[in-house]
Each structure stands twice: as C-alpha cells, then as structure tokens.
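S.K.: Pasting a structure here, questions to come.
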Amino acid sequence: MSVRVYYEDTDFSGNVYHAAYLKFFERGRTEFLRDLGIHHSELIRDGIAFAVRAMHIDFAAAAHIDDLLTVVTEVAAFTGARLTLKQAILSGTNVLISAEVTVVAIKVGGGAARMPSDLRERLAIEMKG
C-alpha cells in the first residue's frame, strides 16, 4: 500500500513524527484485510472488532515530507482470536520502520471473541502463499 507523507504527518524538522507511523501501519492492516475480502464494517455488523494487544516497533530511519512510502503487511501467526502481523514501511527498497503487531478479536460490546472462520481460512491461505 502506498502512503504519501503530508505536512500534518511531520514534526518541526520535516521528519515524520513517530506517532504518524502508527496511522500508516493501521491503514496497512486495514488494506491487508480488505485485500483478503474482509471489511471492518462487515465485522462490526457481526459484532466483532480488532484491538491492538501488543506492538514492537524498530525505527531505523526517518521518512520526510512529500516522500512516497510503501507499507508492507504479512501474516506472522494466528490463532482463533489472535493475529500477529509483520509490517514494514519502506522508502524505495530501504526499510525505514518495521513492526510486529498483535491484534485480538473482541466483541463490540466487550470481551474476547473468535475470528470468523472465513477470515481464519483466508489467513491460512495467505500464510502458505
């Protein structure tokens, strides 16, 4: 997924502010699921949502205003209720930021939930991919 760095994403120096990368990663996860045919609006209608449980981020280099970045997302592991993804933000072929993100399925009203079986099946296919 491509992301352009806008003024609002940067700090006073023109570098991307560290919290902006979280938005880029979130968009990458959403588009990854969309590419699998899973839409957040449908999950929410079914009473399911995802919540970030853990995130480890390695900031190797900064992105700058007007850069065109690529967000890469791939499945690292999953269980019935937990999904771990490896993500990276690249400028060209250079990895600027990498992350491992674990999300859990929750009921919209609160409490743990299992991911829908069709999502788990699509994740399994993606991992074999």
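Just so you know, all these numbers are worked out from the coordinates, no wet-lab data involved. Just so it is clear, the model here is predicted, and its values are computed rather than measured. A quick note on method: Cβ atoms are made from the backbone with ideal geometry, for glycine too, and the neighbour counts reach across all protein chains shown.
S.K.: Taking N as the number of residues in the chain, what is its alpha-carbon radius of gyration divided by 2.2 N^0.38 Å?
M.R.: Compared with the compact-globule rule of thumb, the chain sits at 1.11.
S.K.: By a straight-distance test (C-alpha under 27 Å), which lysines pair with K23 as possible cross-link partners, with residues fewer than eight away in the same chain excluded?
M.R.: Answer for K23, where 27 Å is the Cα cut-off: K86, K107, listed by chain and number.
S.K.: Mind giving me the nanometre distance, one decimal, between the label points for E8 and I125, set 7 Å out from Cα along Cα→Cβ?
M.R.: 3.5
S.K.: Multiplying the sequence separation of H40 and A61 by 0.36 nm and subtracting their Cα-Cα distance, what value in nm do you get?
M.R.: 4.4 nm
S.K.: Using the count of nearby Cβ atoms within 10 Å as a rough guide to exposure, how do L85, L123, L68, L36 rank from fewest to most?
M.R.: Lowest count first: L68, L36, L123, L85.
S.K.: Here is a further query. Between 0 and 90 degrees, rounded to the nearest ten: what's the tilt of helix 117-128 against the longest Cα principal axis of the chain?
M.R.: Result, in degrees: 50.
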